[in-house]
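Trainee: The structure's right below; bear with me while I get my questions together.
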Amino acid sequence: MNIFSRYAPFVQDFIYKNNWEALRAIQVAAGDAIFNSDENVLLSASTASGKTEAAFFPILTLFSEDMPRSVGAIYIGPLKALINDQFMRLNDLCAEAEIPVWHWHGDVAQSHKNKLLKSPSGILQITPESLEALLLHKHAYIPRLFGDLRFIVIDEVHSLMRGDRGGQTLCLIERLSRLAGVNPRRIGLSATIGDLESTGKFLASGTGRGVIIPKIESKGVKWRLSMEHFYVRGPQSSQDKQVDGALPELESPTDVAPENADPGIGYIFEHTRGKKCLVFVNSREECEAVTTTLRQYCEAKHEPDRFLIHHGNLSASYRETAEAVMKDEEQYKTTVTTATLELGIDIGRLERAFQIDAPFMVSSFLQRMGRTGRRDMPPEMWFVMREELPEPRALLPTTVPWKLLQGIALVQLYLEERWVEPPKLDRLPFSLLYHQTMSTLASSGEMTPAALASKVLTLNYFHRISKDDFRIMLKHLIETDQIQRTEEGGLIVGIAGERQINSFKFYAVFKENEEYTVRWGSQELGTIVLPPPVGEKIALAGHVWTVEEIDHKRRLVYCEQVKGKVPAYFGECPGDINTKVLERMRQVLAEEKSYPYLMKNAVARLEQARHSALNSGVVSEPLICLGGDMWCLFPWLGSYAFLAMERFLKIKCGAKLGLSGMDSSRPYFIQFKMKASKEEFFEILAEEEKEALDPMELVYPGEVPVFEKYDEFLPEELIRKGFAYGILGIDEMKERIRSWSE
């Protein structure tokens, strides 16, 4: 029997009403796996390929044949906006079958949540953080809420594969399943997965089931791709030059521009006019700065403001306004955004995406590109690479156009190899261990140390953590009053622990900065980190404001709108770049290949870079003398292996080489002064590499490298161990040193 005829009549009607002529390959494959097996399923297909429907058509069919006696399926989404969006899409279909759809996150009314608690049924859509809150505060309800849970659908599963949030999601699923006495099937959805096999194992861990990963042959999709380069000030690289092999030049940025205008932003201003676009940037600070500059262009040209802004520090109302305007087919506006609009929210027919500078990962590039090209249009992305014009006497490493090389490398890796970053699953997640220990103890009440260990350490995600390490952590938590020992010898949450657990920020395991809410009259604009003194200016929501008053106790900032421009600050924005990307960047410099998507300035800038790379030997020689005793090392290693290399040089080789003044631009190059010769440098590195190396040797004396949100509550020895064994890319670093000696 084919899959369509296996669907329930109301699903078939939905397909007819939407004028679908045939099921997509992903829907047939998902239907076959869900209907005809009892395994977990991982569905990977391009953005807008109908993965959500592919998963839910069979689930809804099975529910209509045998209605669950509790919530039957949980849909876990990484963003509130994505949950709201999917909720809208599924509601009509489920209403027909009388299958309720509930959503549960911070912006959902308590009355809606209470209805679910009274009559648990249908499908629950939730974020990992809200699921944490549910397990913590509604612990006694779990068996009744989820006693007949059959499926857990995890959307954008790749976004949960990096860092503690994915681990938290798996721990929550496992804890909930144990409490409710169920073993639901897991269904993962994603458009950009690099290593399907290891992602499948990650998804299925602890279930005792296998995982089916249907191979979906995607039909070739044409991309519209361009990449242009701009110097922020000064003449452009192609000025007064004949450039061969470039895309035809588009009209140059507007002549009427704000003072000291950035021509790259002017280019975006011109090419978003009359179109619906997204402009992606890599940080919230840049999001604010770019929006402010684009609005200044509107003023200079006497045009109405056509730019919106969307990032995680803005208030919900600001974000929702941008989403609603972008969905409106009649409005041709452009939204400047961070990764918050990278994931699968349907914001209508987008014509074009811009990317300022290169994202850090191939998966980000694909997700962002995939926002366009829906409804039978080809995906279209314009990269805009910007850099300061190097000084005439600038030293070699600062004259390399790193962002341009990175952009080309990301595109080429996917075009040539269909390569996407694999998941990083070998960490020592001590920060998450603290979090899940406190959450388990708070929800379960008093427990013996052995009972607590058996509940927490048996969670599959903590398979690399030993009983000894857990014991060390518990001892420290008792000493610091996070946990308290009762007279009977049991453990309960201590006074210091209560302060953590009672904060709504406890539900999230990703790091947040201490934030202040910014208000303009009665309107909430968003949040900032560390407000400046009264009278100073801040940038938020694409406008500039003067700080009128600060209430530190309630963390409130009151301000008034003014004109002008000022940098915004929301906290650090680190990027995690894979070694494979750096190696492809080196190849971009070395090869003579031309790339058909490069525009005139980008072609000229790459030519310059290749010419100076050839003359300096930077591609063939990892160590270059910058003059005298100044040297520069180009390891071509990803973020974590680069970090290991820095420390290896300093700690293991520094004295022998006579290194001083080490200055790194991660993960591109390391500059230093050195007394040794080039030959001695490689000889000493090769000798040291052969010696047995305990990763703990690469942690500086007295250093406590706090990386994750809850590291501050852990004993120092575990923080150091987690960093040394879970973060530093020592194997890749050693492999690189061996390749140099060969």
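The values are calculated or read from the model by the stated rules, or taken from the named source; none is laboratory data. Quantities reported herein were computed from a predicted structural model and do not represent experimental measurements. Cβ: placed from backbone, ideal geometry, glycine included. Neighbour counts: every protein chain shown. Areas reflect the complete protein model, heavy atoms only, side chains present, ligands, DNA and RNA absent. Shrake-Rupley method; radii C 1.70, N 1.55, O 1.52, S 1.80 Å.
Trainee: Of His112, His463, His310, which has the most accessible area and how do the rest follow, probe 1.4 Å? Write down the numbers at each step before the final one.
Mentor: Numbers: His112 45, His463 130, His310 5 Å².
Listed by decreasing accessible area, they come as His463, His112, His310.
Trainee: Please arrange Arg150, Arg485, Arg464, Arg736 by accessible surface area, largest first, computed with a 1.4 Å probe and ligands excluded. Spell out each step's value before the answer.
Mentor: Details: Arg150 55, Arg485 130, Arg464 100, Arg736 25 Å².
The residues order as Arg485, Arg464, Arg150, Arg736, largest area first.
Trainee: Continuing with the same structure: Using a Cα-Cα cut-off of under 12 Å, which aspartates and glutamates could be cross-linked to Lys580, ignoring same-chain neighbours fewer than 8 residues away?
Mentor: Partners within reach: Glu417, Glu421, Glu732.
Trainee: Take every Cα pair under 8 Å in the chain that's 6+ residues apart, average their separations, divide by the length, and report that relative contact order as a whole percent. Don't skip to the end; give the middle numbers.
Mentor: Details: 1313 pairs, mean separation 92.4, N = 742.
Relative contact order here is 12 percent.
Trainee: Between rounded, prolate and oblate, where does segment 569-669 land on the alpha carbon gyration tensor, with a ≥ b ≥ c its root eigenvalues, rounded for a/c under 1.5, else prolate if a/b exceeds b/c? Before the final figure, lay out each step's value.
Mentor: Working: a/c = 2.18, a/b = 1.42, b/c = 1.54.
Cα axes put segment 569-669 in the oblate bin.
Trainee: Something else about it: Pop the C-beta distance of Arg738 and Asn183 into the FRET formula with R0 = 56 Å and round what comes out to the nearest 0.05.
Mentor: Numbers: r = 45 Å, r/R0 = 0.81.
Computed FRET efficiency for Arg738 and Asn183 comes out at 0.80.
Trainee: Ranked highest first by average number of other Cβ atoms within 10 Å, how do 640-650, 604-614 line up? Please report the intermediate quantities before stating the final value.
Mentor: Numbers: 640-650: 22.7, 604-614: 17.4.
Order by mean packing, descending: 640-650, 604-614.
Trainee: Further question: How many percent of DSSP beta bridges within the chain run antiparallel, rounded to 5? Mind dumping the intermediate values first?
Mentor: Working: 35 of 85 bridges.
That works out to approximately 40 percent antiparallel.
Trainee: Ok, one more. Under a crude label model (7 Å from the Cα following the beta-carbon direction), how far is Ala655 from Glu65 in nanometres?
Mentor: My value for the distance between the label points is 7.2 nm.
Trainee: Residue by residue through segment 445-454, which ³J(HN,Hα) values in whole Hz follow from phi under the Karplus form 6.51 cos²θ - 1.76 cosθ + 1.60 (θ = phi - 60°), with glycine and proline marked x?
Mentor: x, 4, 9, 6, x, 5, 5, 5, 4, 5
Trainee: Next question, about the same structure. Order of 667-675, 315-323 by packing, highest average Cβ count within 10 Å first? Display every interim value, and only then the final one.
Mentor: Working: 667-675: 20.2, 315-323: 18.3.
Highest-to-lowest ranking by the protection proxy: 667-675, 315-323.
Trainee: Then there's this: Might you tell me the accessible area per residue for the chain, computed with a 1.4 Å probe and given in Å²? Could you put the intermediate results ahead of the total?
Mentor: Details: 31600 Å² over 742 residues.
Heavy-atom SASA per residue in the chain reads 43 Å².
Trainee: First check a/c for segment 613-683, with a ≥ b ≥ c the square roots of the eigenvalues of its C-alpha gyration tensor; if it is under 1.5, answer rounded, and if not, answer prolate when a/b is larger than b/c or oblate otherwise. Write out the running numbers ahead of the final one.
Mentor: Values: a/c = 1.63, a/b = 1.03, b/c = 1.58.
Oblate shape, in that a/c is at least 1.5 and b/c is the bigger or equal ratio.
Trainee: Another one. For segment 24-117, what value does the Rg/Rh ratio take when both radii are computed over Cα atoms and Rh is the Kirkwood radius, given to two decimals?
Mentor: Values: Rg = 14.1 Å, Rh = 14.6 Å.
Value, to two decimals: 0.96.
Trainee: Obtain the nm distance between the two label points defined at Glu697 and Arg499 by a simple spin-label model: each point lies 7 Å from its Cα along the Cα-to-C-beta direction.
Mentor: In this crude label model, Glu697 to Arg499 measures out at 4.0 nm.
Trainee: Tell me the mean residue ellipticity at 222 nm calculated for the chain from its helices only (DSSP H runs of n ≥ 4, each -39500 (n - 2.57), averaged over every residue, nearest 500). Write down the numbers at each step before the final one.
Mentor: On the way: 26 runs with 290 residues, N = 742.
After summing the helix terms and dividing by residue count, I get -12000 deg cm²/dmol.
Trainee: If we sort 440-451, 425-436 on the protection proxy, mean other Cβ atoms within 10 Å, highest first, what's the order?
Mentor: On the way: 440-451: 16.2, 425-436: 22.7.
Per-residue Cβ counts within 10 Å, averaged per peptide and sorted highest first, yield 425-436, 440-451.
Trainee: Give me the distance in nm between label points sitting 7 Å out from Cα along the Cα-to-Cβ direction at Lys17 and Ser664, one decimal.
Mentor: So the label points at Lys17 and Ser664 sit 5.7 nm apart.
Trainee: Where the Cα atoms of segment 287-386 are projected onto their three principal axes, how long is each span, largest first, in whole Å?
Mentor: Projected onto its principal axes, the Cα set of segment 287-386 covers 36, 32, 27 Å.
Trainee: Taking 0.36 nm per residue of sequence separation and subtracting the Cα-Cα distance, how much length would be gained by fully extending the chain between Ser37 and Thr546, in nm to one decimal?
Mentor: 177.1 nm
Trainee: Another one. Is the shape of segment 360-440 rounded, prolate or oblate, going by the alpha carbon gyration tensor and its root eigenvalues a ≥ b ≥ c, with a/c under 1.5 for rounded and a/b larger than b/c for prolate? Display every interim value, and only then the final one.
Mentor: On the way: a/c = 2.55, a/b = 1.33, b/c = 1.92.
Oblate, since a/c reaches 1.5 and b/c is not below a/b.
Trainee: Follow-up. Regarding segment 282-335, what are the three Cα extents along the principal axes, ordered largest first, in Å?
Mentor: Cα spread of segment 282-335 along its principal axes, largest to smallest: 30, 30, 17 Å.
Trainee: How big is the charge dipole of segment 549-705 about its Cα centre, in debye rounded to the nearest 20, if each Lys and Arg gets +1 on its Cβ and each Asp and Glu gets -1 on its Cβ?
Mentor: Details: 21 positive and 23 negative charges, 157 e Å.
That gives a dipole near 760 debye.
Trainee: While we're looking at this one, here's another question. Stokes-Einstein at 25 °C, 0.890 mPa s, Kirkwood radius from Cα pairs: D for segment 420-511 in µm² s⁻¹? Please list the in-between numbers first.
Mentor: Details: Rh = 13.9 Å.
The diffusion coefficient I find is 177 µm²/s.
Trainee: Here's a follow-up. Any of Lys333/Lys403; Lys80/Lys403; Lys51/Lys201; Lys275/Lys301; Lys650/Lys675 with alpha carbons more than 24 Å apart? Name them for me. Could you put the intermediate results ahead of the total?
Mentor: Working: Lys333/Lys403 27 Å; Lys80/Lys403 31 Å; Lys51/Lys201 20 Å; Lys275/Lys301 17 Å; Lys650/Lys675 14 Å.
From Lys333/Lys403; Lys80/Lys403; Lys51/Lys201; Lys275/Lys301; Lys650/Lys675, over 24 Å: Lys333/Lys403; Lys80/Lys403.
Trainee: Next question, about the same structure. When 1/r is averaged over all different Cα pairs and the result inverted, which Kirkwood radius in Å belongs to the chain? Can you show the working numbers first?
Mentor: Details: mean 1/r = 0.0355 Å⁻¹.
Mean inverse Cα-Cα distance, inverted, gives 28.1 Å.
Trainee: Let me spell out the model: positive unit charges on the Cβ of Lys and Arg, negative unit charges on the Cβ of Asp and Glu, origin at the Cα centre of the chain. What dipole size does that give, in debye rounded to 20?
Mentor: On the way: 87 positive and 102 negative charges, 224 e Å.
That gives a dipole near 1080 debye.
Trainee: Once the piece of chain linking Lys673 and Thr480 is laid out straight, how much longer is it, given 0.36 nm per residue of separation minus the C-alpha distance between them?
Mentor: Numbers: separation 193, 0.36 × 193 = 69.48 nm, distance 4.38 nm.
Between Lys673 and Thr480, full extension yields 65.1 nm more.
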